[in-house]
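What follows is a single structure, written as structure tokens, with notes after it.
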Amino acid sequence: MNLPNKLTVLRVLLIPVFLVFLMLDFAPYGKWIALGIFILASLTDLADGKIARKYNLVTNFGKFMDPLADKLLTCSAMIALIELERIPAWIVIVIIAREFVISGFRLVASDNGVVIAASYWGKFKTTFQMIMVILMIADIPQLQLLTTIVTYVALILTIVSLIDYLVKNWGVMGKDM
């Protein structure tokens, strides 16, 4: 259990703590504590990959758990934000559906001995999703227009990254069709 893997596990363990502070009424500081936890967890996502690559600490556990932990964090946050009426459910459904499609593609690719790396579109998508979640947790009325713009940019990047992924990797599916 190296440092990048510990950071990934920490991110997963922070999810329920984050959700407790986001969902329960710990006025007036609950949302700010939740925001801090979400930002900390998001930063572990940046740190674990950089550390793993820089110090050659890439493991099969990390390859599996890092993207899963990322999806668990962002999807948990977005689902909670539906409950708090800060994001429409249909946007979250599109985002989560994209994650299922990509995960399915990666599974098929893996079965065919192909590793599909994350694209820049996917990285931009993740960045904008995290910024969107941060803005929605903060829920600052003066930033509502910015929050809306970032939300739609995240949605567009979600769709563009899906299309890019499918176009670049469709040959992987052809082997099983």
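Let me check something: with ligands and nucleic acids excluded, how do 150, 17, 167, 12 order by accessible area (1.4 Å probe), largest to smallest?
In descending accessible area the options line up as 167, 17, 12, 150.
So how much slack lies between residue 152 and residue 124, counting 0.36 nm per residue of separation and subtracting their Cα-Cα distance, in nm?
Taking 0.36 nm per residue and subtracting the Cα distance, the gain is 8.8 nm.
With the other protein chains left in place, how much accessible area per residue, in square angstrom, belongs to the chain at a 1.4 angstrom probe?
Result: 57 Å² of accessible area for each residue.
Can you compute the equivalent ellipsoid semi-axes for segment 121-169, i.e. the square root of 5 times each eigenvalue of the Cα gyration tensor, sorted largest first and rounded to whole Å?
Gyration-tensor ellipsoid for segment 121-169: 25, 9, 5 Å.
Under 20 Å from the Cα of residue 50, which aspartates and glutamates turn up, not counting those fewer than eight places away in the same chain?
66, 70
Counting only protein chains, not ligands or nucleic acids, how are 136, 173 ordered by accessible area (probe 1.4 Å), most first? Numbers along the way, then the final one.
Numbers: 136 10, 173 45 Å².
Output order, biggest surface exposure first: 173, 136.
Please provide three numbers in whole Å: the alpha-carbon extents of segment 9-55 along the principal axes, with the largest listed first.
42, 15, 8 Å, listed from the longest principal axis down.
Evaluate the charge dipole of the chain about its Cα centre and quote only its size in Debye, nearest 20, assuming +1 on the Cβ of each Lys and Arg and -1 on the Cβ of each Asp and Glu. Show your work: numbers first, answer last.
Details: 15 positive and 12 negative charges, 113 e Å.
Its charge dipole is roughly 540 debye.
Which whole-number percent gives the relative contact order of segment 22-104, counting Cα pairs below 8 Å spaced six or more residues apart?
23 percent.
Counting only protein heavy atoms and using a 1.4 Å probe, what share of the accessible area of segment 49-177 belongs to carbon plus sulfur, as a whole percent?
69 percent
Grab the alpha carbons of segment 1-88, take their convex hull, and tell me the volume per residue in Å³.
That works out to 82 Å³ per residue.
Consider all pairwise Cα distances in the chain and report the whole-number % of them above 27 Å. Walk me through the numbers before you get to the answer.
Working: 4591 of 15576 pairs.
When every Cα pair of the chain is considered, 29 percent fall beyond 27 Å.
The values are calculated or read from the model by the stated rules, or taken from the named source; none is laboratory data. Computed from a prediction, not measured in an experiment: that's the story for all the values here. Cβ: placed from backbone, ideal geometry, glycine included. Neighbour counts: every protein chain shown. All accessible areas refer to the heavy atoms of the entire protein, side chains included, with ligands and DNA or RNA removed. Shrake-Rupley method; radii C 1.70, N 1.55, O 1.52, S 1.80 Å.
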